[in-house]
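Asker: To start, I am sharing the structure in question, which I have written as structure tokens.
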Amino acid sequence: MVDFLKFVSRSVPEAVLSLVSGIVDYALPPVCGNCQEPVLNSNGICGVCWASLTFISDPCCVCCGYPFDYFVKDDVLCGECLRSPKSFDRCRSALSYDDHSKNMIIGFKHADRTYLTKLFTRWIALVGKEILMDVDFISPVPLHPRRLLARRYNQSGLLAQKIAYSHKKVYLPDLLLRTKNTSSQGHLSLINRWKNVRTAFEINPKYADCIRNKNIILIDDVYTTGATLEACSRVLKKQKVAKINVLVLSRVLKESGS
């Protein structure tokens with residue numbers, strides 16, 4: 001059904017697409033992307049789940065966007081960024097990855113709940129509105145081809161493509177190449193996460209010249225330790241990119257215990 005709607009969206013006017021979507025919603029009532037309870041439209045979540053989410057906003061670290069519990073000046077770095085300076089310039093995340101949000105994010109990532117793309121990109125665009133004003137290219141954190149074949153889609157690619165389209169920016173889905181099929185990061189310690197992805201990415205040779213002195217936004221779904229984003233950013237930095245910013249759907253906060 002998702003593939004059918006994609007085909008329709010390329011072939012017919014928006015009014016007709018809206019009618020088709022309405023018929024689909026009537027025949028297959030939409031459910032909450034988190035708890036799977038019925039909702040009014042196929043783009044959202046129910047009121048109960050919405051109320052349980054923790055959105056990230058200022059004040060936060062000027063670099064990685066980690067939220068502070070108290071007011072700080074605009075240019076303050078968190079302890080982690082002071083101890084380990086980042087290769088990217090700024091990162092902003094939409095919400096906390098915790099017990100209230102992880103079910104819908106895992107569902108989006110692994111269970112074909114791609115209809116959540118529209119909702120998630122709205123959240124990312126809100127938190128990243130300043131970053132999106134100054135960008136030449138938008139690119140996702142890539143999957144290895146084997147993992148992409150097994151999963152059938154790159155969730156970060158869906159987010160990046162939608163954001164680029166909505167903001168009339170150039171989308172480069174293959175700017176970065178994942179050359180090593182690394183093991184899942186979920187069970188690894190902090191230091192092993194870094195080792196796991198340190199040499200996993202390369203720049204696509206066809207973009208090596210055109211990205212120099214350009215501003216690039218990387219898009220990812222979850223920021224845990226930042227190891228993957230750091231590895232990607234280091235590769236881009238070697239290409240003399242002017243600015244590397246990152247927009248992420250969610251991030252693990254120490255308070256969440258995740």
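Asker: Would you point out which residue out of K118, K102, K109 is under 26 Å from Y153 (Cβ atoms), charged (D, E, K, R) and touching a strand residue (DSSP E or B) at 6+ places or on another chain (Cβ under 7 Å)?
Answerer: Going through K118, K102, K109 in turn, the sole match is K109.
Asker: Here is a list: R92, R83. Which entry is touching a residue at least 60 places away in the same chain (Cβ under 8 Å) and among the charged types (D, E, K, R)?
Answerer: R92
Asker: Something else about it: So which residues in the stretch 236-255 are surrounded by fewer than 20 Cβ atoms within 10 Å (Cβ to Cβ) and touching a strand residue (DSSP E or B) at 6+ places or on another chain (Cβ under 6 Å)?
Answerer: Q239, A242, K243, L253 - these are the residues of the stretch 236-255 that are surrounded by fewer than 20 Cβ atoms within 10 Å (Cβ to Cβ) and touching a strand residue (DSSP E or B) at 6+ places or on another chain (Cβ under 6 Å).
Asker: Let me ask something else about it. Can you tell which of T224, T228 is surrounded by fewer than 20 Cβ atoms within 10 Å (Cβ to Cβ), among the polar types (S, T, N, Q) and touching a residue at least 12 places away in the same chain (Cβ under 8 Å)?
Answerer: After ruling out the rest, the residue left standing is T224.
Asker: Which ones in the stretch 105-149 are of a type in the set (G, A, S) and at pLDDT 95 or above?
Answerer: Within the stretch 105-149, A125, G128, S139 meet the criteria.
Asker: Quick check: anything in the stretch 63-85 in contact with a Cys (Cβ under 6 Å, 6 or more places away or on another chain) and either among the basic types (K, R) or not in a loop (DSSP other than H, G, I, E, B) (or both)?
Answerer: Yes, the conditions are met somewhere in the stretch 63-85.
Asker: Further question on the same structure: Given the residues L82, L148, L143, which is the only one that is closer than 30 Å to C210 by Cα and out of contact with any Ser or Thr (no Cβ under 9 Å at 6 or more places or on another chain)?
Answerer: Result: L148 is the single residue among L82, L148, L143 that is closer than 30 Å to C210 by Cα and out of contact with any Ser or Thr (no Cβ under 9 Å at 6 or more places or on another chain).
Asker: Which members of the stretch 211-231 meet the condition of being assigned to a strand (DSSP E or B) and of a type outside the set (S, T, Y)?
Answerer: N215, I216, I217, L218, I219, D220, D221, V222
The values are calculated or read from the model by the stated rules, or taken from the named source; none is laboratory data. Predicted, not measured: the structure shown is a model, and the values here were computed from it. Note that we place each Cβ from the backbone using ideal geometry, even for glycine, and neighbour counts take in every protein chain shown.
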